[in-house]
1. Which of (1) within 22 Å of Glu248 (Cα to Cα); (2) surrounded by 19 or more Cβ atoms within 10 Å (Cβ to Cβ) is the odd one out, the single condition Thr337 does not satisfy?
2. Given (1) modelled with pLDDT under 95; (2) of a type outside the set (Asp, Glu); (3) in contact with a helix residue (DSSP H, G or I) (Cβ under 7 Å, 6 or more places away or on another chain), where does Pro208 come up short, assuming only one miss?
3. Is it the case that the stretch 65-87 has a residue that's assigned to a helix (DSSP H, G or I), in the same structural domain as Ser141 (by TED's automatic domain parsing), closer than 22 Å to Ala165 by Cα and modelled with pLDDT under 85?
4. Based on what the data block shows, is Arg190 of a type in the set (Lys, Arg) and crowded, with 18+ Cβ neighbours inside 10 Å?
5. Only strands (runs of 3 or more DSSP E) wholly contained in the stretch 258-366 count here; list those with 3 or more residues that are more than 29 Å from the chain's Cα centre (by Cα).
6. Based on this model, can you work out whether Lys292 counts as of a type outside the set (A, V, I, L, M, F, W, C) and closer than 18 Å to Ser180 by Cα?
7. Six or more apart or on different chains, Cβ under 9 Å: which pairs go from a residue in the stretch 38-49 that's free of Cβ contacts under 8 Å to residues at least 60 places away in the same chain and under 14 Å from Gln60 (Cα atoms) to one that's of a type outside the set (Gly, Ala, Ser) and crowded, with 19+ Cβ neighbours inside 10 Å? Could you list them?
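The values are calculated or read from the model by the stated rules, or taken from the named source; none is laboratory data. Small disclaimer: the values here were computed from a predicted structure and weren't measured. When we count neighbours, we look across all protein chains shown, and the Cβ atoms used for this are built from the backbone with ideal geometry, even at glycine.
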Amino acid sequence: MNELIPDKNLYSKIVELLAAARQNVVRTVNQTMVYTYYEIGRMIVEDEQHGKERAEYGKQVLKELSKRLSNEFGKGFSKRNLEQMRLFYLTYSIAQTTSAQLEKVKNNDSSIQQTASAELENDKNIDLKIYEKPSRKFILSWSHYLKLMRIENLNERSFYEIECASNNWSLKELERQFNSALYERLVLSRNKEGVKQLAEKGQVIEKPLDFLKDPYILEFLNLSEHKEYSENDLESEIIDKLEHFLLELGKGFTFAGRQVRLTFDESHFKADLVFYNRLLKCFVIIDLKIGKLTHQDIGQMQMYVNYYDRIIKLPEENKTIGIILCKDKSKTLVEFTLLQDNDSIFASKYQTILPDKQDFINLLNQ
């Protein structure tokens, strides 16, 4: 009797369903844990309101609470963890709009605590209502929120929270983007309304300037700032770590080719890297320069862009974008070489080490 073998397509569908179900279970467990920690933080804050000597009272309560919860439920309820749950509630229970309000929270200002307490006055019972009616939605892991809580700038914190959710960033990727000063680099190229949009919607890609950065941070290539390397070496390292480079480029990028040959008449040229951006529906050509940018480099990129616009791109696609990544550039040279209404060719510096975030913050303050 022949053994019946299940259809491969049926098997694949069931495997896909089970994998999705497993992910949903993990996601649900993580969200439940985050909401539970938020609720524990609320209870701790409300209990503090009844203490006569609030600061000292709070310390004693958390110490005793930690001891009892640890005996009952095991690890995860140290005094430090309970303090983080308390801060989590204070940080996310109020729609804060200024740095001054954040400082009040940090200093345990009683007026802030009372406001937070009043907002959830109707949610005191511990039942499923705390998951159905939170003061806000939490869709990231507890580890993500522990990192986000340490970001003092409210707009910056909101931006990274949105980007984590929309791009499915791991905690490691969140830390990398934060350490590379992504928010500050994007803010520097935006007006007041653009900065507001970053905090409310994250990075929205509607035109080339929306994804452009200056500088690009390529610390993941592990190239020392003073190490001797060629343009070919730089290109090879980028290809070897293409996934990291795509994350640094931003949303919507797919890899299209390396050393792409362009031929007209009997002349041959090669574009270093070619990508396609699905959001802008256009090709993006990247040329790598390890030295100082020259007007010849800009002219060459203009030729590449023209070639793609006239020969490669489809009628329904948008104009090709050219980005020259260089170690050094003259802003004046770029401005006088390109047309005043240029919206397709850009020159950006790149760094091979993580920047000092404070340097960007100082630039923003200026």
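1. It is condition (1) that Thr337 fails.
2. Looking at each condition in turn, Pro208 falls short on (3).
3. no
4. On the way: of a type in the set (Lys, Arg): yes; crowded, with 18+ Cβ neighbours inside 10 Å: no.
It is false that Arg190 is of a type in the set (Lys, Arg) and crowded, with 18+ Cβ neighbours inside 10 Å.
5. By residue number, 267-277.
6. Values: of a type outside the set (A, V, I, L, M, F, W, C): yes; closer than 18 Å to Ser180 by Cα: no.
It is false that Lys292 is of a type outside the set (A, V, I, L, M, F, W, C) and closer than 18 Å to Ser180 by Cα.
7. Listed by first residue and then by second, the contacts come to Ile44/Leu62; Ile44/Leu82; Ile44/Met85; Ile44/Arg86; Ile44/Tyr89.
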